[in-house]
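Here is the structure we will look at, set down as structure tokens.
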Amino acid sequence: MSELSTGSRWRHRIPASTALAVATAVLLLVSPATAIAPRAAAPSAAPADLGRLAEEKASVVEVVLAGSAELDALVATGVDLDHHVSHTEDGIVVHAVVTGNEVATLTRAGFTFGNVLHTAADAADRVAEREATIAAHLAANQEFAAAATVSARSTVSDVKIIRADYYTSGETQVLSVEAKWAQGQTDSTPLTVERDSGPGTEIGSGGTQNISRFVDAGAYLYHRGAEQVTSRPAYVRITSPTGGTAVAKVNQWLPIPDKDPEGPGYMKDFVASYLTPTELYDRIKALAAQYPKISEIVELPYQTNGYRRQAQAVLGTVNASRVAVDSVAWGHQGGNDIAVELADPGVVDAPLAVTVTGSQVRVDLATDGSGTVTSTAGQVVAALNAQAGTLLRAYTYRGSPGAGVVAPAAPAALSDGLSAPPSVSRDPHPVYAIRIGKHRDGSKLGVLAYAQEHAREWVPPLVTVETAERLLRNYAHDRKTRQLVDNLDIWIAPSINPDGGHYSFYDFNSQRKNMTNHCTTQSSGDFLGRNSWGVDNNRNYTEYSLFDGYSGASTSCTSGTYAGPSELSEPENRNVDWLAARPNVKFSMNLHSSGNYFMWSPGSYATPGRVSAPRPTLAEESLFWGASSRILTAIKRHRNLAVTPARTGPIADVLYSAAGNSGDMLWYKYGIYAWNFEVGTSFQPAWDEAHAETMEFSNGLVEMLRVARDFDTDRKKPSSSLSVTASGTPGMVDVTFSTSEPAAVFYTLDRSRPTYESTLYGSAGIREGGETLTVPVGTTVHWFSVDAVGNVEKNYKPDGRGNNHNKKKVKAPRR
Ligand SMILES: [Zn+2]
């Protein structure tokens, strides 16, 4: 369901800008990874997700131990442990490599298992990815090595510097360099980077640093490395072991301008504690009541399934003889009052009998001639359903035939497992947004910010509330805030997943998904599976989803990334789709935590083959990049925290594939410039840290509003130029374009007038800026540029009738 091509979006919206400012803007941008900021690991599976273990295949599972005596006991069983041993509040956590059968045996022996970290199926997916990745990178490396062989006879080096970024983070000054060497696939020699010590100084005077090979899945990608420096270098040089050289200008990553963007008397810092979804909604309702002229509460069209569950119990400890019970009523509507007793009648030859007294259910188990209990789990289940079916339904454990004889047990109370106070509604929950703007009729440019798709991420909602308050409380006295509120239509939805959010606060702090149970009584629908239920709301959308064959989401109802039964199956997701469908919305921010990432589409790829969702054109990506540097600089103002180059870029590059995520739906289905924050360093940090993260990312969110406003008011036309350098091929020259601001360049090489149907100048490669065109000496290039909002260079009419576009006949440059 990804039918909107970038081409048609271009024609309808003329949105895309281009960071063809190769000489300046693009080099400010990003690198895929540096030594100081490794790629994040994929998130671990849902806790206690033991249901997905294969009986005979090994998986990596946490074992939670009370102390070292229990650890010794575990080791004595001969179980396969990896090297991970961590001491936590709950005891010692180790990683065991075990089959489902071994887990069952060890559980019977009294050991407690935690998260499933890795299964055989996970491993098979990784292997498929690996094969595809190796093939693609090896091919690219061969191509470069071949090109370098040709150019060794001319002026083109076998080493190229991809990027050199200087930045400060806290008190530290850092230089991050990435370069590609033609021999990098086969030769592991590090490259040495020589630095100068500032403008006009000798290269080498600032010292040197080594950068080492980045090899992923067996394929060489490039050399990279970041090192602390004591002064800001202007230029760096790399001489390859084979004698090729490259020199590059050092670019400033996230420079902080002197001027404060906020006027005098600007107020901020409006959050004093974490807020539950109920409290978040109360807060925005109070704000809208206080500022009715410039805001209103909008109840989104779909209510959640509610913070509520049936009351449940699992009786017994051995799977074959376990009896699971669910109340017919919701827990809070009587289910929690039910208790079930499995009684040994204490007489010989007793029949199986069920007695219901109010909400108390007593099962008298059958006995044989010697008085031994003989009722199996299957028989007890049938008797309960026949005699107590108005109160409860019973079932054998996770598809077991129930052939085991049950153990007598004292009355067991059923429970919905929910412990939030009564102030948290147990009904289907409305989801609210606050809409801020002087004109809220759709006539102004729309911007959307939404948080807490993932329940356990407690800081992102605070960022949205803080931002709402800054806008409303500064409106009366701050001219720049007034410009935003008067001219934008700002939608802020602080908690998309309130049920999961409440569950995370009151019952299970690691809850990621919503609370809806899509497991069956045959799988993990029983009481013991309840912390693993739910749909990952950031995998249930319509574009490049699991259902379209994309990677990074699961069909398992207990997986941390369960995509749900179908696209938009969940009310939470339909609400986001509704928000995104507001026709004036052109910019959005999806706030998550953690990791200090800043990302955009594509967010998914298919495996095997690692075929990504379509990349934005260089034109489109330039707006992402250009705005990113502004937004990240605003974040950095608060306490000099740098979101690193390695953590900025398309989701699929800097994190991992996330099929069916909301950012991709907003970008591919609705053409919204859709960003994603991963705020901070953990899901629920200590308050001082949570507060600081709220302040810095609210700076970033406000800056996104300024980006949107500038997008709306930009009337300045871009200008562009063409530069010509020597080519490695006789009779040819290399040509690149640069532009005065993020803008797209369309060009022809056949002397025809350029139009929107002409060739769009593209990027050289992922994160590498504008491509180099190699053309015959004497070619006449015709071109024009157009910026993100459709301003055309020199007011040229690209409909085939204009004449005042750029043209240049390229000559051989002087050597
Ligand atoms: Zn998240």
Gain in span if fully extended, ASP548 to ALA139, counting 0.36 nm per residue against the direct Cα distance: 144.5 nm
If the convex hull is drawn through the Cα atoms of the stretch 232-295, its volume per residue in Å³: 251 Å³
Dipole magnitude (debye, nearest 20) for the chain, charges at Cβ of Lys, Arg, Asp, Glu: 4040 debye
With Cα atoms, 0 to 90° folded angle of helix 277-290 axis to the chain main axis: 60 degrees
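Over the chain, what is the relative contact order in percent, taking alpha-carbon pairs closer than 8 angstrom and at least six residues apart?
RCO, the chain: 15 percent.
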Compactness index (Cα Rg / 2.2 N^0.38 Å), the chain: 1.09
Over the chain: helical MRE at 222 nm, DSSP H runs n ≥ 4 each giving -39500 (n - 2.57), nearest 500: -7000 deg cm²/dmol
Rh by Kirkwood over Cα pairs, then Stokes-Einstein D for the stretch 342-406 at 0.890 mPa s and 25 °C, µm²/s: 204 µm²/s
Qualifying aspartates and glutamates (Cα of each under 17 Å from Cα of LYS809; at least 8 residues distant if same chain): ASP734, ASP750
Shape call, the stretch 712-806: gyration tensor on alpha carbons, a/c limit 1.5: oblate
Relative contact order computed over the stretch 604-666 (Cα-Cα under 8 Å; 6+ residues apart), in percent: 38 percent
Within straight-line cross-link reach of LYS293, aspartates and glutamates at Cα separation under 17 Å, skipping those fewer than 8 residues along the same chain: ASP441, GLU469, ASP478, ASP486, ASP489
Placed amide H near VAL585: partners under 5 Å, 5+ positions off or other chain: GLY446
Mean separation of Cα contacts under 8 Å (6+ apart) over length of the stretch 196-327, as relative contact order %: 12 percent
By accessible area with a 1.4 Å probe, ligands and nucleic acids excluded, highest first: order of MET267, MET589: MET267, MET589
Kirkwood Rh, Cα atoms: Rg over Rh of the stretch 476-540: 1.30
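With the Cα gyration tensor of the stretch 487-593 giving a ≥ b ≥ c as the square roots of its eigenvalues, does the rule (a/c under 1.5 for rounded; else a/b larger than b/c for prolate; else oblate) give rounded, prolate or oblate?
Note, shape of the stretch 487-593 comes out oblate.
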Debye log10 I(q)/I(0) for the stretch 541-621, one point scatterer per Cα, at q = 0.20 Å⁻¹: -1.24
Per-selection Rg to Rh, the stretch 600-750 - Cα, Kirkwood hydrodynamic radius: 1.05
Accessible area (Å², per residue) of the chain, counting only protein heavy atoms and a probe of 1.4 Å: 39 Å²
Rounded percent of accessible protein surface that carbon and sulfur make up, the chain, 1.4 Å probe: 52 percent
Global form of the stretch 575-670, assessed from the alpha-carbon gyration tensor, a/c cut-off 1.5: oblate
Radius of gyration, Dmax [the stretch 162-248; alpha carbons; angstrom]: 13.1, 41
Solvent-accessible surface ranking, highest first, for THR304, THR736 at 1.4 angstrom: THR736, THR304
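The values are calculated or read from the model by the stated rules, or taken from the named source; none is laboratory data. Not measured: the values here are computed from a predicted model. Cβ sites come from the backbone with ideal geometry, for glycine too, and all protein chains shown count toward neighbours. All accessible areas refer to the heavy atoms of the entire protein, side chains included, with ligands and DNA or RNA removed. Shrake-Rupley method; radii C 1.70, N 1.55, O 1.52, S 1.80 Å.
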